[in-house]
Amino acid sequence: MRGPERGTRRRGDARGRAGARDAARPARTGAGRGLPVAMIVACFAAGLLCRLPVLGGEHREGDELVYRVLVRQLETGHGYTLRGTPLVGLHYAPEQYAGPLFFHPPGGVALFWLLHRLLREGGYPLAQLLSFAMFFACVMRIGQQVLDPFRGLRAVLVAALAALTPIAVHVNLRYWLDGPMLAVATLACSLFLAARTRRSLALAALAGVALGYASLIKLNAFFAVPGILLLAWAAGDGTARGFDWKLAAVFLGAAVVVQLPWEIWQWRETGSPFPAWAGKPAPQLIAVNAFVHMVTIERPPWIYLSLLPRAVWTLIPSIAGLALLPLPARSRRVGAALLGWILGIVAIQIGLGFVGYSKLLRYVILVTPACLLLFGLVASEAVTWLAAPVRAPRQRAFAMALVTAAAAGLALELAQGVAAAVVDDDYIHPLF
């Protein structure tokens with residue numbers, strides 16, 4: 001009996017030592033206990049409140065006028081073109097705006113047309129409010145899929161930024177295409193991550209359909225593809241063998257199939273599947289429009305490197321924490337994938353700037369999901385690290401500095417998101 005007794009005693013001692021280690025280990029503040037539903041709902045309500053000004057105002061900014069005229073053209077049977085409308089003239093160069101088809105794909109304008117048919121002028125702001133709701137819900141779902149665990153402080157940080165990050169607030173306050181494109185592209189990411197988890201070709205195809213529709217709003221939606229695939233890889237085991245390339249092929253194939261009819265339509269009407277890319281102004285427009293000249297000629301292509309941190313104030317603390325914190329392997333892999341998503345889109349837009357495209361901050365709006373998820377990951381890990389009971393003075397000082405910088409960045413970003421809704425546009429406009 002001595003052997004079994006001794007084995008039992010040893011197992012008991014081992015369990016006791018493990019329990020002591022667990023008790024000594026600091027609580028993971030980023031995990032928390034349960035999903036703080038009330039605070040997440042409060043964040044969503046705050047984001048919705050800051051977007052309610054879209055219900056008022058004249059909405060006579062240039063792009064807003066264009067999209068409203070296109071809706072009127074569709075309703076009166078004149079087709080998806082600005083040809084023959086009063087807009088085409090001095091400030092809307094005929095060579096760019098008077099073609100047989102408008103240069104943006106029709107997905108976003110079709111959404112405006114449908115909601116306008118149902119609610120008249122109320123359809124335009126409803127499109128933006130619905131886009132915000134979809135974006136918020138999908139970001140929270142992605143957080144559950146890739147940030148393990150997704151509870152407590154981590155979930156609240158992501159929810160707060162999803163509600164009030166300035167670029168998203170800014171675009172939802174106008175009758176623009178960027179808000180719907182961001183929402184549907186984020187939906188595509190969430191669906192593809194679900195397809196990866198379940199090994200479901202059907203879900204991958206559905207994700208591709210969502211991405212295809214996002215690209216029918218703006219072709220830029222495809223810029224998010226490398227980031228989505230990278231995040232799916234990082235959320236798995238981080239090996240090429242563990243990544244399901246068949247799912248990726250179905251995802252991209254379905255998106256291309258959805259986009260293809262538009263390219264064929266353009267080819268038939270204009271003689272080319274890619275006759276123009278919105279964002280590259282015609283020379284006449286650059287010559288006569290001071291604003292277009294400024295954002296196309298005067299702004300350098302790398303302007304995004306200075307503009308983005310002035311809107312997404314949490315970005316620099318996020319990158320610093322990712323580089324310097326001793327993160328768990330999976331968290332570091334996911335964080336690196338999110339950073340790759342951000343840098344990839346910024347690099348594409350810088351490249352487009354070099355070949356003559358305009359430089360507007362909303363053109364990099366697809367970095368938004370990655371930015372706020374990265375901050376939620378890094379900031380919660382920094383708080384957890386700071387809460388450890390035993391740290392060297394230098395380690396504690398570093399953790400305190402990082403948490404302070406993260407808190408300051410969060411406060412500035414949320415304040416700027418509110419300012420985008422309530423402050424005179426002359427304050428916000430130069431940045432965006």
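The values are calculated or read from the model by the stated rules, or taken from the named source; none is laboratory data. Source: prediction; values computed, not measured. For neighbour counting, all protein chains shown are included, and Cβ atoms are generated from backbone atoms with ideal geometry for every residue, glycine included. Ligands, DNA and RNA are excluded from the accessible area calculation, which covers all protein heavy atoms including side chains. Shrake-Rupley method; radii C 1.70, N 1.55, O 1.52, S 1.80 Å.
Brief remarks on what is shown
- Checked against (1) touching a Leu at 6+ places or on another chain (Cβ under 6 Å); (2) at pLDDT below 95, Pro149 meets all criteria but (1).
- Of the residues making up region 105-151, those that are in a loop (DSSP other than H, G, I, E, B) and touching a helix residue (DSSP H, G or I) at 6+ places or on another chain (Cβ under 8 Å) are Pro105, Pro106, Leu147, Asp148, Phe150.
- Enumeration of residues in region 270-316 that are among the small types (Gly, Ala, Ser) and under 27 Å from Ala419 (Cα atoms): Gly279, Ala290, Ser306, Ala311
- Identity of the residue in region 353-394, under 28 Å from Asn172 (Cα atoms) and part of a loop (DSSP other than H, G, I, E, B), that ends up nearest to the chain's Cα centre (by Cα): Leu360
- Residue match in region 123-142 (condition: open to solvent by 10 Å² or more (accessible area, probe 1.4 Å), more than 18 Å from the chain's Cα centre (by Cα) and within 23 Å of Arg51 (Cα to Cα)): yes
- For region 327-357, a tally of residues being charged (D, E, K, R) and in contact with a Phe, Trp or Tyr (Cβ under 7 Å, 6 or more places away or on another chain) returns 0.
- When Ile286, Ile297, Ile345 are checked against the criterion of being under 30 Å from Gly236 (Cβ atoms) and either out of contact with any Leu (no Cβ under 9 Å at 6 or more places or on another chain) or at pLDDT 95 or above (or both), a single residue qualifies: Ile345.
- Hits in region 324-340 - residues which are of a type in the set (A, V, I, L, M, F, W, C), assigned to a helix (DSSP H, G or I) and either in contact with a Cys (Cβ under 8 Å, 6 or more places away or on another chain) or within 16 Å of Leu373 (Cα to Cα) (or both): Val334, Ala336, Ala337, Leu338, Leu339
- For region 394-420, residues that are open to solvent by 20 Å² or more (accessible area, probe 1.4 Å) and either modelled with pLDDT under 80 or of a type in the set (A, V, I, L, M, F, W, C) (or both) total 17.
- Qualifying residue in region 69-80 (condition: in contact with a Gly (Cβ under 8 Å, 6 or more places away or on another chain), in a helix (DSSP H, G or I) and in contact (Cβ under 8 Å) with a residue 12 or more places away in the chain): yes
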